Amino acid sequence: TQLLEQSPQFLSIQEGENLTVYCNSSSVFSSLQWYRQEPGEGPVLLVTVVTGGEVKKLKRLTFQFGDARKDSSLHITAAQPGDTGLYLCAVSYPSNDYKLSFGAGTTVTVRA
Amino acid sequence: NAGVMQNPRHLVRRRGQEARLRCSPMKGHSHVYWYRQLPEEGLKFMVYLQKENIIDESGMPKERFSAEFPKEGPSILRIQQVVRGDSAAYFCASSLPGAKVLTFGAGSRLTVL
């Protein structure tokens, strides 16, 4: 059984602070994606990565992928209230790489 | 330039009734996925379909649930004889053939009374 864990489950910070959320898999994955989901809406893709050790930046968001391809982190610099949402990581495994397995997510609240 | 369209957005059913959820994929996408999300949980894979074919239904409950994606028209997720435990948000996603990038709809929220 492949396990995907996200931490922390909840995170509440003040506007302007930095935050990091983590995603850990029990098995090596083929690809990893980060999504953000707002209440009442579907997940929206932020980034996809397939290469171990890769770092991608999207404005104030930095995505880092472990060399072993089993873990990832999302770092937000100078968080803003608009960053509030549920951050989900999703991985596909070599055994059936069309199927995305989602973590339970990290609920981020940025207070003005 | 519509994305993935799901309807209804909200559906209320009494125990024992049937629920039908519809999903129109993005234009040009021939692959459809259904996921279920319970409160404070991640999305759980249910089924993966291509036009007129079920590719993987390993996440579907063995009874009462079925899905189809006909040659013409939307994909349908059908839940017969609903129970309270079926209350959840059901998300549809679509993709191009071979693509790992999924585009999600806004979801259909089923409440069973």
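The values are calculated or read from the model by the stated rules, or taken from the named source; none is laboratory data. As the structure is a computational prediction, the values presented were derived from the model and not from experiment. Backbone-built Cβ (ideal geometry, glycine too); neighbour counts: all protein chains shown.
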For segment A:72-79, state whether one or more residues are of a type outside the set (Phe, Trp, Tyr) and free of Cβ contacts under 8 Å to residues at least 40 places away in the same chain.
no
Can you say whether A:GLN37 is under 13 Å from the mean Cα position of the chain (by Cα), loosely packed, with under 15 Cβ neighbours inside 10 Å, under 18 Å from A:VAL110 (Cα atoms) and within 14 Å of another protein chain (Cβ to nearest Cβ), as far as the supplied structure shows?
no
Of all residues in segment B:92-113 being assigned to a loop (DSSP other than H, G, I, E, B) and in contact with a His (Cβ under 7 Å, 6 or more places away or on another chain), the one that is nearest to A:PRO39 (Cα to Cα):
B:LEU96
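Here is a yes/no grid of residues against (1) within 14 Å of chain A (Cβ to nearest Cβ); (2) farther than 28 Å from A:SER31 by Cβ:
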| position | (1), (2) |
| --- | --- |
| B:GLN50 | yes, no |
| B:LYS62 | no, yes |
| B:PHE65 | no, no |
| B:PHE91 | yes, no |
Could you tell me which numbered condition B:LEU38 fails, if it satisfies all but one of (1) over 22 Å from A:GLU41 (Cβ atoms); (2) surrounded by fewer than 19 Cβ atoms within 10 Å (Cβ to Cβ)?
(1)
Name the residues in segment A:78-95 that are surrounded by 14 or more Cβ atoms within 10 Å (Cβ to Cβ) and either at the interface with chain B (Cβ under 10 Å from one of its Cβ atoms) or of a type in the set (Ser, Thr, Tyr) (or both), would you?
A:THR84, A:LEU86, A:TYR87, A:LEU88, A:CYS89, A:ALA90, A:SER92, A:TYR93
For B:ARG22, indicate whether it is surrounded by 12 or more Cβ atoms within 10 Å (Cβ to Cβ), over 22 Å from A:VAL91 (Cβ atoms), at pLDDT 95 or above and more than 10 Å from every other protein chain (Cβ to nearest Cβ).
yes
